[in-house]
Amino acid sequence: MSGPSSYEPGTAIERWLDARLPIIRFGVDLMDFPTPKNLNYWWTFGGILAFCLASQIVTGVILAMHFDPTGAGAFLSIEHIMRDVNYGWLIRYIHADGAFLFFLAVYIHMFRGLYYGSFKAPREVLWLIGCLIYLAMMATAFFGYVLRWGQMSFWGAKVITSLFGAIPFVGPSITTWLLGGFAVDSPTLNRFFSLHYLLPFVIAALVVLHIWALHVPGNSNPVGVNVKGKSDTVPFHPYYTVKDGFAIVLFMILMAVFVFYQPEAMMGADNNIPANPIVTPPHIVPEWYLLPYYAILRAIPNKLMGVMAMGGAIACIFALPWLDRTKVRSMRYRPQARIYFFFFCAACVILGFCGAHEVDDKVINGLAPITFLDADLNSYVWVSRLGALYYFAYFLVILPIVLPMTETPLPVPESISTPVLSHPAAAPAGAPAAPEKKG
């Protein structure tokens, strides 16, 4: 995509190193990489996510130096970090609040990809690697959440690990392996600590693959058309390094607001109580970034079917490049698809809202048979089911069937260099139209 390298070693040391390990050439080529010149600020979240990952790894390594991964010492070691370690409170809050903001940034990044069709050919592998990063992030966040060893951490681990037991044949073995025994205890905490420490480096490796996969077809862009040459691109540096840097600074300010003024705003109060295996919290709820999946899980009274639905919700994201069969990438030129997309965003928000609220005890504990028409069913379950129904309909019906049969996209510009005001969709009546092509 970037063409021949323009780097020329200037000194004997550079020539010697370039012949053996062309790392300087690699860095120069990254900075000179031709990037579409019309990228907006939604594209800066890639750089923001790289910053989030780096801050999580650095603060996590420091926290691991002081953490005691045992049932008797985990909660107390967090208090030790907060009170006795120099700037331990700051490091811990950056790590904890940074995790919440990490997911906020990754969801914006994913929904931007959905809206602008960044998953479409030839970027399918890029999308799949991004989905693997997302999956690894969810696992890492869950393991880290348990390490607090408060009430919600302990019972959250109990609920989530029990879900694996619903898998036929291999479920009990997986559950026993995760727990390190037959109940959530010190071996569980030790295993989760090891996995929580390991997975960020796996994520970092996947990020390298993600960037590599990005540099083969190049960046997508808001218009959704392929670049036609140098007239459509600018070097990544200084144009986008400055733009990304500005966005990262704004994100750091947002993080600072939480760290210094509202550090516990996104943390459950129950998690400040040490884990007690004989006292169940009145309302067990995961962190906000897992709430939509939790709502889908609870919407189905059968445990196995609920786990399958939750797994299917994630699988739909992986299969997206093959579910959306429309040739036009960007929803700028797909007004009908935009309507369905905004309803999909609303469904995700509604599922998250329902996942954060209590449902009828019969649904949680399975104490009585429940049908879809059960009159006593809690209203949040009804809404969750409707949200889940639209979620799956969007991926399995609307994208592959409804839109290809009914949608008429607007004309798409030949090039991203085509002036916006000359496009038929924006030009005044009677104005001359720029060259265009059908989707």
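Among residues of segment 140-180 being at positive phi and surrounded by fewer than 21 Cβ atoms within 10 Å (Cβ to Cβ), the one that is modelled with the highest pLDDT is 180. Note on segment 409-423: among residues that are within 16 Å of residue 224 (Cβ to Cβ) and exposed (fewer than 15 other Cβ atoms within 10 Å of the Cβ), the one that is modelled with the highest pLDDT is 414. Among the residues making up segment 248-274, those that are more than 28 Å from residue 314 (Cβ to Cβ) and among the small types (Gly, Ala, Ser) are 256, 269.
Restricting the first member to segment 66-86 and to residues that are assigned by TED's automatic domain parsing to the domain that holds residue 187 and within 12 Å of residue 150 (Cα to Cα), and the second to residues that are not in a loop (DSSP other than H, G, I, E, B) and not aliphatic (A, V, I, L, M), the beta-carbon pairs closer than 6 Å and six or more apart or on different chains are 71/186; 75/274. I'd like the residue in segment 1-42 that is under 30 Å from residue 417 (Cβ atoms), assigned to a helix (DSSP H, G or I) and aromatic (Phe, Trp, Tyr) and, out of all such residues, is nearest to the chain's Cα centre (by Cα). Once the filter is applied, the top-ranked residue is 42. Only residues that are under 26 Å from the mean Cα position of the chain (by Cα) and in contact (Cβ under 8 Å) with a residue 24 or more places away in the chain: list them for segment 167-186, please. The one that is under 26 Å from the mean Cα position of the chain (by Cα) and in contact (Cβ under 8 Å) with a residue 24 or more places away in the chain: 167. Among the residues of segment 89-136 satisfying the criterion of being farther than 30 Å from residue 76 by Cα and over 16 Å from the mean Cα position of the chain (by Cα), which is surrounded by the most Cβ atoms within 10 Å (Cβ to Cβ)? Top of the filtered list is 117. Residue 231 passes every criterion in (1) touching a Ser or Thr at 6+ places or on another chain (Cβ under 6 Å); (2) surrounded by 13 or more Cβ atoms within 10 Å (Cβ to Cβ); (3) of a type in the set (Ser, Thr, Tyr) apart from (2). Being at pLDDT 95 or above, within 24 Å of residue 163 (Cα to Cα) and assigned by TED's automatic domain parsing to the domain that holds residue 394 is the requirement here; does residue 354 meet it? Against the criterion (at pLDDT 95 or above, within 24 Å of residue 163 (Cα to Cα) and assigned by TED's automatic domain parsing to the domain that holds residue 394), residue 354 does not qualify. Scoring residue 295 on the criteria (1) surrounded by 14 or more Cβ atoms within 10 Å (Cβ to Cβ); (2) not assigned by TED's automatic domain parsing to the domain that holds residue 315 leaves a single failure, condition (2). Give me the residue from segment 1-53 that is of a type in the set (Phe, Trp, Tyr) and either in contact with a strand residue (DSSP E or B) (Cβ under 8 Å, 6 or more places away or on another chain) or buried (at least 16 other Cβ atoms within 10 Å of the Cβ) (or both) and, out of that set, nearest to residue 200 (Cα to Cα). Once the filter is applied, the top-ranked residue is 51. The set of residues from segment 62-74 being out of contact with any Ser or Thr (no Cβ under 9 Å at 6 or more places or on another chain) and crowded, with 19+ Cβ neighbours inside 10 Å comprises just one member, 63.
The values are calculated or read from the model by the stated rules, or taken from the named source; none is laboratory data. Keep in mind that what you see is a predicted model, and the values were worked out from it rather than measured. Cβ: placed from backbone, ideal geometry, glycine included. Neighbour counts: every protein chain shown.
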